[in-house]
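Nothing in this text is a laboratory measurement; each read-out follows from the coordinates by a stated rule. Not measured: the values here are computed from a predicted model. Heads up, the Cβs are rebuilt from the backbone with ideal geometry, glycines too, and the neighbour counts pull from every protein chain shown.
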Amino acid sequence: MLTFKFLKEDHISQLVSCLSLQRSDYIRHYHPFKFNFDDIKNLVSSAAHDLYIAIFLDSDTSSILIGLLTLRGLDEGYESPMLGLFISQEFSGRGYARYSLHYAEQLCINRGWKRLLLKVDAENTRAMAIYTSIGYTALCKLDDYTLLMAKDIKSL
């Protein structure tokens, strides 16, 4: 079962370890910040409105950090959050990304945010397929490789 917990200092070492274990070809599209304890701790501790959420896979006997969900840009004054999502390669392909995206949408509904934005590398076809299948549309090309996508969030 997946659980989502606001990232706390005692999760950061697990997150750094998880990120450092990824193959470079897998993680090359995910680079929102430096993957070290101090930088992540500073981001989380200084967040006023931005959200950093650890994704755990829980069983009866253990809880493993397998990913990170971020909703950022609010601290910089943007009206809509920019979504970031990472699922460890070991747990990829099991529907956890899609489930996490739905969780992010519920957070938006609960906080009254009407739109969710994300940046995606145009070469990341797997992510593009997930995003478009659940209603994200491309707004514009930011550079030769990066698309800005959005989804309008409707209340349930």
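Sorting the segments 89-102, 66-79, 21-34 by their residues' average number of neighbouring beta-carbon atoms within 10 angstrom, most packed first, yields 66-79, 89-102, 21-34. With R₀ set to 25 Å, the beta-carbon distance separating SER62 from ARG126 gives a calculated FRET efficiency near 0.35. The relative contact order of segment 92-156, computed from alpha carbon pairs under 8 Å that lie at least 6 residues apart in sequence, is 36 percent. Placing a label point 7 Å from the Cα of THR3 along the Cα-to-Cβ direction, the residues of segment 47-77 whose backbone N falls under 18 Å of that point are 52-69. Across the chain, how many lysine pairs, 8 or more positions apart or on different chains, have C-alpha atoms separated by under 22 Å? Please give the number. For the chain, the number of qualifying lysine pairs is 12. Calculated [222 nm] ellipticity per residue, helices only, for the chain: -9500 deg cm²/dmol; basis is -39500 (n - 2.57) per DSSP H run with n ≥ 4, divided by all residues, nearest 500.
Net charge near LYS41: determine it from the other residues with C-beta under 13 Å of the C-beta of LYS41, scoring Lys and Arg +1 and Asp and Glu -1. Residues close to LYS41 contribute a combined charge of -2. When DSSP beta bridges are restricted to pairs lying wholly in segment 1-132, around 90% turn out antiparallel. In this simple spin-label model, placing a label point 7 Å from the Cα along the Cα-to-Cβ direction at both ASP25 and TYR78 gives a separation of 3.0 nm. Taking the Cα centre of the chain as reference, the dipole from Cβ charges on Lys and Arg (+1) and Asp and Glu (-1) amounts to some 400 debye. Working from Cα pairs under 8 Å separated by at least six residues, relative contact order for the chain is 18 percent.
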